[in-house]
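Presented below is the structure to which this report refers.
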Amino acid sequence: MAGISNVVGGSSLNTGLQIAGISNLNNSSFMGSQIGGIVNLNNGNLEGIQLAGISNVNNGTLKGLQIAGISNVTMGDVSGSQIGLINKAKTMRGFQLGLINVATDFESGVPLGLISFVKNGYHAFEISVSDAIYANLSYKMGVEKLYTIYKMGYTKGQIDNYATYGLGLGSIIKLTDKFNLAIDGSVNHMVKSDFTPNFDLLCRAHVALRFKLNDYFSLFAGPSLTIYVSEYNLGSESLALKVPYSLYSKNWGNANGSTSIWIGGTAGLSVKF
């Protein structure tokens, strides 16, 4: 235990605990825990926990857990979890939670983040149409069990044209060699083509049956549950979407806004690469 730093320079396996106000350094393989106020560095394999206020670096394999305020980096494989703003590993068997997750492979487990880049994971572009957004382009990245969705599209309102952009999460469930099921959820913001400030939020959850044409192309279609929240009331011509029908609709905020819920559909083409 040290107020500033602990350094172990041995070349054999070390076991135990390092706690320091600033940094911990171990130059060999380690079985135990490193807890540092700023940074932990292990230059061998690690079985245990690294907990740091800023960054954890492990230059070997990890069996255990890394938690940091900013970044976790393991140069080898990870069997366990990484939790931080930025996480990096080679082959993951476990869970990554962060703003940015990077890995070469995921043998088991999932990454959850704004950006989850898995080199040998799931990458796909999708072109789709729906009752709410007439033309939509999506990019999906992560692993099939859990991927992040980035969306942009176009739709026609009652008066104006609208561009849409959104973010979501999804998962693919394999049914047969040719068929699988995709479950996606997303939140999309709709803005006028002249970029006049407005608030029109489209939340969608859809289930799509996917037919695999080959290793790269798939067709999909299925129902969608749509929740539309607008700064305009239901009777306004400035409403971005003309609600086809409603399972639920209500004006709120002294009729200065509205919420509508309905079930529609989505269909399209997926290109995996």
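The values are calculated or read from the model by the stated rules, or taken from the named source; none is laboratory data. What you are looking at is a predicted structure, and each value in this text was computed from that prediction instead of being measured. With ideal geometry, Cβ positions are generated from the backbone for all residues, glycine too; neighbour counts draw on all protein chains shown.
Summary of values
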quantity	calculated
Sole residue being closer than 28 Å to Thr104 by Cβ, surrounded by fewer than 20 Cβ atoms within 10 Å (Cβ to Cβ), in contact with a Ser or Thr (Cβ under 7 Å, 6 or more places away or on another chain) and assigned by TED's automatic domain parsing to the domain that holds Gly109, chosen from Ile49, Ile54	Ile49
Residue list for the stretch 216-251, restricted to those being modelled with pLDDT of 95 or more, out of contact with any Phe, Trp or Tyr (no Cβ under 8 Å at 6 or more places or on another chain) and hydroxyl-bearing (Ser, Thr, Tyr)	Ser224
Yes/no for Ser186 being polar (S, T, N, Q) and in a loop (DSSP other than H, G, I, E, B)	no
Given (1) of a type outside the set (Ser, Thr, Tyr); (2) at pLDDT 95 or above; (3) surrounded by 15 or more Cβ atoms within 10 Å (Cβ to Cβ); (4) farther than 18 Å from Gly168 by Cβ, index of the condition Leu213 fails	(3)
Pair list, Cβ under 8 Å, 6 or more apart: the stretch 132-153 residue in contact (Cβ under 8 Å) with a residue 60 or more places away in the chain, other residue in a loop (DSSP other than H, G, I, E, B)	Ala132/Leu241
Residues of the stretch 112-167 that turn out to be under 20 Å from Ile83 (Cβ atoms) and of a type in the set (Lys, Arg), as a count	1
Unmet requirement for Gly9, which otherwise passes all of (1) crowded, with 19+ Cβ neighbours inside 10 Å; (2) more than 18 Å from Thr74 (Cα to Cα); (3) not basic (Lys, Arg)	(1)
Candidates Lys88, Lys119 - the one that is closer than 27 Å to Asp215 by Cα and modelled with pLDDT of 95 or more	Lys119
Where a residue in the stretch 65-79 is surrounded by fewer than 19 Cβ atoms within 10 Å (Cβ to Cβ) and its partner, wherever it lies, is outside any strand (DSSP E or B), with Cβ under 6 Å and at least six apart	Gly69/Gly53; Gly69/Ile54; Ile70/Ile54; Ile70/Leu85; Met75/Asn59; Gly76/Gly60; Gly76/Thr61
Residues that are of a type in the set (A, V, I, L, M, F, W, C) and buried (at least 19 other Cβ atoms within 10 Å of the Cβ), drawn from the stretch 20-34	Ala20, Leu25, Phe30
Residue tally, condition of a type in the set (Ser, Thr, Tyr) and either outside any strand (DSSP E or B) or touching an Asp or Glu at 6+ places or on another chain (Cβ under 9 Å) (or both), over the stretch 119-136	2
Count - residues of the stretch 137-158 that are closer than 23 Å to Glu237 by Cβ and either aromatic (Phe, Trp, Tyr) or part of a strand (DSSP E or B) (or both)	4
Count - residues of the stretch 80-131 that are among the hydroxyl-bearing types (Ser, Thr, Tyr), without any contact (Cβ under 8 Å) to a residue 40 or more places away in the chain and farther than 18 Å from Leu65 by Cβ	2
Scope the stretch 39-88; condition outside any strand (DSSP E or B) and more than 25 Å from the chain's Cα centre (by Cα); matching residues	Asn43, Gly44, Asn45, Asn59, Gly60
Selected residue (criterion: farthest from Ile4 (Cα to Cα)) from residues of the stretch 16-38 that are part of a loop (DSSP other than H, G, I, E, B) and modelled with pLDDT under 95	Ser29
